[in-house]
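Read-outs: derived from the displayed coordinates by stated rules, not from any lab. This structure is a prediction, so every number in the text was calculated from the model and none was measured. When we count neighbours, we look across all protein chains shown, and the Cβ atoms used for this are built from the backbone with ideal geometry, even at glycine.
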Amino acid sequence: IIQMRKADYFAHVLRPQVSGCVEFQGEDHQEENRIRSQQMEQRAYLTQQIEENRMKAELERKQNMMYDKQRLAVADKVNRNQFEFSNRNLNVSQTAMNENLRLDAERKERERQAKLAEQQRDRDELAWTNATKLEYHETKSMADKFLK
């Protein structure tokens, strides 16, 4: 068996070289360098994509943290306002209740004083009536002495 070289099969596309080496038409001697260069570019691109994704995730995390902080601050403010509102309503209710109790006490005192005054007037009238001597008069009736 005769061993044939690559050059024997593709004689019509051979370019003769001075050194005797054979170079085929369309043969790419820079292929390895180009592949290595493309791989480096792909690696750089992927590294850039990874970094951009990491930065995007970091930015999103910061935004979420700011949103959460704001949401908590708003919720805290709402809770404080609600607590203050409840306290003010409680204070108003207590003040109204105290005022109603004071007014009720004043009314009861006025009624008690009026009752005492009425009782005193009744005693005074009874004493006056008992102290009055009944005298019949020609021109005055008995009722006139009670009419003042």
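When the chain is fully extended, how far beyond the present Cα-Cα distance does Arg123 get from Met40, taking 0.36 nm per residue of separation?
17.7 nm is the gain from fully extending Arg123 to Met40.
For the pair Ala105/Asn81, report the inter-label distance in nm, with labels modelled 7 Å from Cα in the Cβ direction.
Calculated label separation equals 3.8 nm.
Going through the stretch 61-128, which chymotrypsin sites (Phe, Trp or Tyr not before Pro) have at most 14 other Cβ atoms within 10 Å and a DSSP loop state?
When the chymotrypsin sites (Phe, Trp or Tyr not before Pro) of the stretch 61-128 are filtered for loop state and at most 14 Cβ neighbours within 10 Å, nothing remains.
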